[in-house]
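Here's the structure, in C-alpha cells; my notes come after.
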Amino acid sequence: MGSFLCKQRRGPAPARAQRRKKLPQHRLLRAPCMLCFLVREPAASEPVSPAPRPAAQDCAHLLLLSTWQEPGADCPATDMVYKRKNSGDNPQPGTPCKLPRCSPPGGHTYPSCAGDQGHPSSQPDPALPCTEELAQQDGMPLAEEEPLNMCCPPSYLGASPPQTLQEADAETPRAEEEPLNINQLPPSLLLKIFSHLSLNERCLCVSLVCKYWRDLCLDFQFWKQLDISSRCQVKDHILESITSRFWNITELNISDCLNVTDAGVGMVAAKCSGLVKYTAYRCKQLSDSSLISLVTHCTSLQKVHVGNQDRLTDEAIKQLGSRCKDLKDIHFGQCYKISDEGMIVIAKGCPKLKKIYMQENKLVSDKSVEAFAEHCPELEYVGFMGCSVTSRGVIRLTNLKNLSSLDLRHISELDNETVMEIVKKCRNLTSLNLCLNRNIDDRCVEVIAKEGRSLKELYLVTCKITDHALIAIGRYSTTIETVDVGWCKEITDQGATLIAQSSKSIRYLGLMRCDQVNEVTVEQLVQQYPHITFSTVLQDCKRTLERAYQMGWTPNASSVS
C-alpha cells in the first residue's frame, strides 16, 4: 500500500523537466502590469490568447525567482486559497507533505520488521533486532500496530527510500541544504506583507513576479481603499473597470484627478453602494451632480471631504444632510457657494457629526455655528477659519461637552471673554488654535494656562502677546506641550528662556520670525534643554540638513548634479 501511494505521488518525469526552457529576462520586463489587466479588455477582433500553462511551470521562469533558489530548481508551491493553483490530478512538485508519526526529523523512516513485501524497506535488516524478538525476551506484550499514515515523506517522491541507517544519515544534510523560499509562507502572511506596500508597488512591481503574487495582489482587501489621488491619467473608464471588478470599495480618494468627471463618480456610486469615505480635494471640474449621485446610492457615507470645489452649491449639501444620517466628518473648505442654508440642513439631519471644518466660506455665519451647537452634541472637532463668524456664534460652542479641538483662526470679531469662557466650560479641550487674531492678549493667555486642565496644544501666531504670556504658560500650565508664538514681534529672549526653565511639560516652542529673540540664545537653550524643540529659521534649516545627511545626501554630489 505504501509503495502504491509513493508511486502516485511521484513528481514529474526527468525527461519532461529537462524540456523546460527558461524564459528570457527581456520578455518578463516587457510584461504588462496588473493595472493593465484591470482596465483593458480584448476587443472582438483580437485573437484569444492560448490557455495558460500550469502554475508550477510558469513560476519556474520568473525573473526574480532566480535570486531566491538554485538554477533549475522548481518553484515551490504553497497552500493557495485559489482552487486553480492546486486543483487537478497533477499536483505541483515540491508541495510539502505531512510526515508519518514514527518518522524522525529529516523526513526519513527507519526500516521495520513488518510492512509491504514489495517495498524495499519491508525486508528486515539482519543488523537490527526484530520488535517481536525484543518483546519475547523482555516478557512484555506486543503493542498494537499503528495504522499506516497515508501521506509519505517528501524524500519518497520519485525515488526509493534509504534502506539502511547509513543511507538515511547521508540523505539528511541534503534535505537541510534546500534553500528556503518566500512562497512557502502562508498566503495570509504574504497578504500582510503586501499590505504595507503602496498601490504603485503592488500594481507595477509585485504583481509582475508570478501569477501567484498577481492573484494575491488582486485580493479584495487591497481594493477596499482606492487612493488614486494626483493621477491625472486616470479617467472615467478606468474607474469603471476597477469598480466592476472590485465592488466592495469603501474608501475613495480622487483628489487632484482632473480627468475624472461627474459621470465617473456616478458610476462608482452605482456599483459601490457600501462607500463610507469620499475625498475629492481640488476637483474643480466636479459639480453638484457627482455628490448627489453619491448620496443617492451610498447612504452610509460617514466622511465627505470636498474642499476647494467652486461649482458645489447648497443643492448638493441639502441632499447630503437629508439622506446620510450616519455622517460624522465633513470638510467644505473654500467652497465659496455654500451658505447657511445648506449647513443648517446638515446640522439638523446629521446628529452624529463629530468633525466639521470650514475655511474661507464667507457665506457661512453665526447661524450655522448655532445650528451645529444645538443639534450635534457629539461634536469633537470644530473649525471655522476665515468664515463670517463672530463671538456671538462662537460662545454657543460652550454647549459641546465633548469638544476637544477648536480652530478659530482669523475670526475678525473674536474677543478675549469668549475664548476664556470656552476654555472654562469645555474641560475636554486639548487643542486651541487662535492664530491671526489680533485681539488675543496676555490676559487671555493667562486664563487659558490656568483653566485649560486638558490643553496640550496652543497656537498664538500673530497674536497681541508679550513675554508675560510665555511666563504664565510656564508657571501655571502642567499639560501644555506645544506652544507656537511665531511672528509675535514683542517676544524676547527673556520669555523664551523663562518658559523653558519653568515649564515641565513643554516639548515644542515655535519662535519663527520673533525678531527680538537672538539666535545665540536659542542655541544655548537647545544645548540646555534637549527635550524641547525650538523652531526658528536657523534651527529648522539645521534639522533639515541633518535629515538629508542621514539619507545619504552630500554637498559635493548635489553640486555635481
Item checked: Single residue of Ser431, Ser412 found to be of a type in the set (Ser, Thr, Tyr), touching a strand residue (DSSP E or B) at 6+ places or on another chain (Cβ under 6 Å) and surrounded by fewer than 18 Cβ atoms within 10 Å (Cβ to Cβ) -> Ser431
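Table: residues versus (1) at pLDDT 95 or above; (2) within 23 Å of Cys426 (Cα to Cα); (3) exposed (fewer than 14 other Cβ atoms within 10 Å of the Cβ).
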| residue | (1), (2), (3) |
| --- | --- |
| Ala472 | yes, yes, no |
| Asp484 | yes, yes, no |
| Trp487 | yes, no, no |
| Ala500 | yes, no, no |
| Val522 | yes, no, no |
| Val526 | yes, no, no |
| Ala548 | no, no, yes |
Item checked: Subset tally (residues that are of a type in the set (Gly, Ala, Ser), open to solvent by less than 30 Å² (accessible area, probe 1.4 Å) and in a loop (DSSP other than H, G, I, E, B)) for the range 448-470 -> 1
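Do you know which residues across the range 246-265 are over 21 Å from the mean Cα position of the chain (by Cα) and either closer than 22 Å to Lys328 by Cα or open to solvent by 50 Å² or more (accessible area, probe 1.4 Å) (or both)? Give the steps one after another, and end with the answer.
Here is the first cut: in the range 246-265, the residues over 21 Å from the mean Cα position of the chain (by Cα) are 258-265.
Of everything in the range 246-265, those that are over 21 Å from the mean Cα position of the chain (by Cα) and either closer than 22 Å to Lys328 by Cα or open to solvent by 50 Å² or more (accessible area, probe 1.4 Å) (or both) turn out to be Leu258, Asn259, Thr261, Ala263, Val265.
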Next item on the list: Taking the options Val419, Val445, name whichever one is closer than 18 Å to Leu379 by Cβ and surrounded by 16 or more Cβ atoms within 10 Å (Cβ to Cβ).
Entry: Val419
Checklist line | Enumeration of residues in the range 515-530 that are outside any helix (DSSP H, G or I), closer than 17 Å to Ser503 by Cβ and in contact (Cβ under 8 Å) with a residue 24 or more places away in the chain | finding: Val517, Tyr529
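So, of the residues in the range 298-308 that are touching a helix residue (DSSP H, G or I) at 6+ places or on another chain (Cβ under 8 Å) and buried (at least 19 other Cβ atoms within 10 Å of the Cβ), which turns out to be nearest to Met267 (Cα to Cα)?
Going through the range 298-308, the residues touching a helix residue (DSSP H, G or I) at 6+ places or on another chain (Cβ under 8 Å) turn out to be 298-299, 301, 304, 306.
Okay, now just the ones that are also buried (at least 19 other Cβ atoms within 10 Å of the Cβ), so 298, 301, 304, 306.
Numbers: Cys298: 12, Leu301: 16, Val304: 18, Val306: 18 Å.
The residue in question is Cys298.
Taking the condition of being acidic (Asp, Glu) and touching a strand residue (DSSP E or B) at 6+ places or on another chain (Cβ under 8 Å), how many residues in the range 221-280 meet it? Write out each step before concluding.
Narrowing the range 221-280 to residues acidic (Asp, Glu): 227, 236, 240, 251, 256, 262.
If we keep only those that are touching a strand residue (DSSP E or B) at 6+ places or on another chain (Cβ under 8 Å) as well, we get 227, 251.
The qualifying residues number 2.
Could we say that Val382 is open to solvent by less than 10 Å² (accessible area, probe 1.4 Å), under 30 Å from Cys298 (Cβ atoms), at pLDDT 95 or above and touching a Gly at 6+ places or on another chain (Cβ under 9 Å) here? Give the steps one after another, and end with the answer.
Working: open to solvent by less than 10 Å² (accessible area, probe 1.4 Å): yes; under 30 Å from Cys298 (Cβ atoms): yes; at pLDDT 95 or above: yes; touching a Gly at 6+ places or on another chain (Cβ under 9 Å): no.
No.
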Check: If you go through the range 347-370 one residue at a time, how many are within 16 Å of Lys325 (Cβ to Cβ), more than 30 Å from the chain's Cα centre (by Cα) and open to solvent by less than 20 Å² (accessible area, probe 1.4 Å)?
Finding: 2
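Look through the range 245-274, keep the residues that are in a loop (DSSP other than H, G, I, E, B) and among the hydrophobic types (A, V, I, L, M, F, W, C), and return whichever of them is farthest from Leu226 (Cα to Cα). Before the answer, list the steps.
Step one: of the range 245-274, the residues in a loop (DSSP other than H, G, I, E, B) are 246-250, 254-261, 272-274.
With the extra rule that they be among the hydrophobic types (A, V, I, L, M, F, W, C), the set shrinks to 246-247, 249, 254, 257-258, 260, 272.
Working: Phe246: 10, Trp247: 11, Ile249: 7, Ile254: 9, Cys257: 13, Leu258: 16, Val260: 14, Cys272: 12 Å.
Applying the filter and picking the extreme gives Leu258.
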Next item on the list: Quickly run through the range 220-233 and pick out the residues that are buried (at least 18 other Cβ atoms within 10 Å of the Cβ) and either within 18 Å of the chain's Cα centre (by Cα) or at pLDDT 90 or above (or both).
Entry: Phe222, Trp223, Leu226, Ile228
Next item on the list: Keeping to the range 184-213, report how many residues are under 18 Å from the mean Cα position of the chain (by Cα), in contact (Cβ under 8 Å) with a residue 12 or more places away in the chain and assigned to a loop (DSSP other than H, G, I, E, B).
Entry: 1
Next item on the list: Output the residue which, of all residues in the range 309-327 that are open to solvent by 30 Å² or more (accessible area, probe 1.4 Å), under 20 Å from Ile254 (Cα atoms) and of a type outside the set (Ser, Thr, Tyr), is modelled with the highest pLDDT.
Entry: Arg311
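The values are calculated or read from the model by the stated rules, or taken from the named source; none is laboratory data. Worth saying up front: this structure is predicted, and the values here are computed from it rather than measured. Quick reminder, even Gly has a Cβ in these numbers, built from the backbone with ideal geometry, and neighbours come from all protein chains shown. The area values use the complete protein model at the heavy-atom level, side chains included, leaving out ligands, DNA and RNA. Shrake-Rupley method; radii C 1.70, N 1.55, O 1.52, S 1.80 Å.
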